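Okay, so here's the structure we're looking at.
Coordinate-derived values only; no laboratory data. These numbers come from a predicted model, not from an experiment. Virtual Cβ from ideal backbone geometry, glycine too; neighbours counted across all protein chains shown.
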């Protein structure tokens, strides 16, 4: 029998709560946050008051892409260049290589397996989106 861990709603609540609290503490820009399971299916989505309309869709696409490709979205472009493929080659209009989608791993499984992904969108610098996503993931542990 095959058993697999995956993110659930309680996990997603902790992740989102930590990111929103951090953003408020830092007086950051309004952001959108998406948490997906290992298949890329949405578990939870939050858009802070004043978040841009574009950040709402982009957060969901970043999280989906991280889960689908089994890597953080900031690494997708380099990985695809090594394969000599482009995003359009995947025949999936819902993928992106914009940074801000971060994988959540089950480090105890052998080999390690993805249990979901978290994405933040709204900052002009994707490095900040990544930092916020990692803060949320850290709150889960």
Exercise. When you count, for each residue, the other Cβ atoms within 10 Å and take the mean per peptide, how do 32-39, 21-28 rank with the highest first?
Worked result: 32-39, 21-28
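Return the inverse of the average 1/r over all pairs of distinct C-alpha atoms in region 1-63, which is the Kirkwood hydrodynamic radius, in Å to one decimal.
Value: 12.5 Å, from the Cα pair sum.
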Problem set entry | the chain: calculated mean residue ellipticity at 222 nm from DSSP helix runs of at least 4, using -39500 (n - 2.57) | -13000 deg cm²/dmol
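So for the chain, averaging the separation of alpha carbon pairs under 8 Å that are six or more residues apart and normalising by length, what relative contact order in percent results?
29
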Problem set entry | nm² value of the averaged projected area, convex hull over the Cα atoms of region 9-139 | 7.9
Problem set entry | Mean Cβ neighbour count within 10 Å, used as a protection proxy, ranking 135-141, 14-20 highest first | 14-20, 135-141
For this session: For region 100-141 and region 36-64, write down the distance between their C-alpha centroids in whole Å.
Result: 13
